[in-house]
Structures are given as C-alpha cells and as structure tokens.
Amino acid sequence: MCAARSDIFVFNYESLEKGLNALMELPGSDRVREAAKPVAEELLSDTLKLVPTVPMDTGRLRASGSVFIDGQLVKVSSELGFSSADGTPLKSIGREGKQKDASVIAVVYNTPYAAAVHEMPATTNWTTEGSGAKYIENTLKERGEHYLKRWFEAIKSMMQGQRKK
C-alpha cells in the first residue's frame, strides 16, 4: 500500500478503489477523488507538523512539499505556512509506471536530497527538535487508519447527499 521511490513516497489506494468501482461508474465519478482531497491535504500538513516532522536546516525541504491525487496538484506546503526563498514545490508530477486504472495519492518533497534525508538513520543528530527520518512513512503508519476512515466518511456523506436529491 505504501512505497518509497526516489524523492516520492506513494500511498497507492488501488486495492481500495477496486471496492469503489461501482461509485466510480456513477455520474460525477470524480467524487471519490474529490473526497480524498482533504485527506491528502491533511497528510501533507501532518508530515510538516507531527513528530517526526520534515527535518529543517534552511527550510528548503519543508517548503518544497506538494501532494497530488492521480497526478493532479492538491496543495503545496507554502499554502500551509511553510515557505522559503529556495523551496520549490512541484506543480506537476509524472505518472510513469502507473498501472491503468490505478489511483495514487503522492506526497512529494522536491529537493535533490529529499529521499536521502527521509531514509537517514534514526540516530542522526537532527538540527530541529522533533524532526527526523521517515517523516512520511511514520505519519502513514501512525495515522493511515484515520486517513482512510476520514476518506470513507466523506464518500459516505456524498452518497447520502446524492440519495436525498
């Protein structure tokens, strides 16, 4: 469900989406992805705020964060109050290697050293208290169930609203 790849950490919800295919066939099929947006935004925010946070020396790494759903930009870290003169979030992301019909939420930190920092040993002497390695992976491990519940509640709410019409 989760995989680290160069400077991108991917949360692949393809297996969950299979169970939602019936919803995807309904008019307004983008609703499932729309319901994932607040969850994706919260995931990016949590990597910046929950321990271990994205490490900070100059602020460039924290300011370079982006989150995408199926290759479409959802939010950048500067919109969450994390900016730096040299932090540049990605505005688009390639979908190479993506399987047909697979759906992906991707949190990306756009620096040449993002993947290396993410994979540093836990014993590293971090410059900012509370920051550390595996800042994306640990957030997903700790809060993954919360994100899925929140996403499913949003879908449920949309379905109930659709029935009332």
- request: Taking the options Leu48, Leu16, Leu61, Leu23, name whichever one is part of a helix (DSSP H, G or I), within 15 Å of Gly144 (Cβ to Cβ) and either in contact with a helix residue (DSSP H, G or I) (Cβ under 9 Å, 6 or more places away or on another chain) or modelled with pLDDT of 90 or more (or both).
  value: Leu16
task: Kindly indicate whether Glu79 is modelled with pLDDT of 85 or more, farther than 14 Å from Leu61 by Cβ and assigned to a helix (DSSP H, G or I).
output: yes
- prompt: Within segment 118-165, which residues are farther than 22 Å from Thr53 by Cβ, small (Gly, Ala, Ser) and touching a helix residue (DSSP H, G or I) at 6+ places or on another chain (Cβ under 7 Å)?
  reply: Ala154
- request: Go through segment 82-109 and count every residue that is within 9 Å of Ala63 (Cβ to Cβ) and either surrounded by fewer than 16 Cβ atoms within 10 Å (Cβ to Cβ) or at pLDDT 85 or above (or both).
  value: 6
query: Taking only pairs six or more apart or across chains, which ones have beta-carbon atoms under 7 Å, a first residue in segment 86-105 that is more than 13 Å from Phe68 (Cβ to Cβ), and a second residue that is in a loop (DSSP other than H, G, I, E, B) and modelled with pLDDT of 65 or more?
result: Gly87/Gly59; Gly87/Ser64; Thr88/Ser64; Thr88/Asn110
message: Restricting to segment 112-165, count the residues that are part of a loop (DSSP other than H, G, I, E, B) and surrounded by 11 or more Cβ atoms within 10 Å (Cβ to Cβ).
response: 10
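The values are calculated or read from the model by the stated rules, or taken from the named source; none is laboratory data. Keep in mind it's a predicted model, so treat the numbers as computed, not measured. In this analysis, Cβ positions are derived from the backbone assuming ideal geometry, glycine residues included, and neighbour counts consider all displayed protein chains.
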